[in-house]
Amino acid sequence: MAGWLIWLLIACGFGAGEVMSGSSFYLAPFAVGALLAAAVEGATDGAAGVIVFLVASVLTLTALRPLVMRRLQSGPPLRTGAAALVGKRGVVLERIANHEGAGRVRIDHEVWTARSLDEDHVIEAGTQVEVVDIKGATALVME
């Protein structure tokens, strides 16, 4: 069997192992090293593939793994615009009754049209509510 084909199978094995292991990013550098070794074995004859595999795997592991892990462990993306209002508290300015199509709420000094999350629930003016979702220009709220 050709040496490059063996390295390609090894790379596939490491790649499959990485996918099965989750986001540890320990096996992917070895898959990269095996792919480079397969390329070298296909272009040359000899034991250069082993050396390329070791060097590429170690370099990829030490250079890329910290970057990937930092990216995977970073916090959630910053919410902006209407999405930033989800989870905020507001005050009902005008009675919210979905069946009447009425309701307004003040959220962070802005006035929004509002609907109750529960279709049959009426929320009276002056009540504190929490924003559950924003649909267009309408806030879905609950007490």
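The values are calculated or read from the model by the stated rules, or taken from the named source; none is laboratory data. The structure presented is a predicted model; accordingly, all values stated were derived computationally and were not measured. A quick note on method: Cβ atoms are made from the backbone with ideal geometry, for glycine too, and the neighbour counts reach across all protein chains shown.
Does Val19 satisfy the criteria of being more than 18 Å from the chain's Cα centre (by Cα) and either among the β-branched types (Val, Ile, Thr) or within 30 Å of Val141 (Cα to Cα) (or both)?
Details: more than 18 Å from the chain's Cα centre (by Cα): no; either among the β-branched types (Val, Ile, Thr) or within 30 Å of Val141 (Cα to Cα) (or both): yes.
No; evaluated as a whole, the condition is false for this residue.
Checking the structure you have, find out if any residue of the stretch 42-55 is surrounded by fewer than 19 Cβ atoms within 10 Å (Cβ to Cβ), of a type in the set (Ser, Thr, Tyr), assigned to a helix (DSSP H, G or I) and out of contact with any Asp or Glu (no Cβ under 9 Å at 6 or more places or on another chain). No, every residue in the stretch 42-55 fails to be surrounded by fewer than 19 Cβ atoms within 10 Å (Cβ to Cβ), of a type in the set (Ser, Thr, Tyr), assigned to a helix (DSSP H, G or I) and out of contact with any Asp or Glu (no Cβ under 9 Å at 6 or more places or on another chain).
Taken over the stretch 67-85, the criterion of being free of Cβ contacts under 8 Å to residues at least 24 places away in the same chain, over 18 Å from Val141 (Cβ atoms) and of a type in the set (A, V, I, L, M) is satisfied by Leu67, Leu78. When the stretch 56-93 is filtered for residues that are touching a strand residue (DSSP E or B) at 6+ places or on another chain (Cβ under 9 Å), surrounded by 14 or more Cβ atoms within 10 Å (Cβ to Cβ) and at pLDDT below 85, the ones remaining, listed by number, are Ala82, Leu85.
Scan the stretch 94-101 and give yes if some residue there is in contact with a strand residue (DSSP E or B) (Cβ under 6 Å, 6 or more places away or on another chain), more than 30 Å from Leu8 (Cα to Cα), at pLDDT below 85 and surrounded by 14 or more Cβ atoms within 10 Å (Cβ to Cβ), otherwise no. Within the stretch 94-101 (the criterion being in contact with a strand residue (DSSP E or B) (Cβ under 6 Å, 6 or more places away or on another chain), more than 30 Å from Leu8 (Cα to Cα), at pLDDT below 85 and surrounded by 14 or more Cβ atoms within 10 Å (Cβ to Cβ)), the answer is yes, since at least one residue qualifies.
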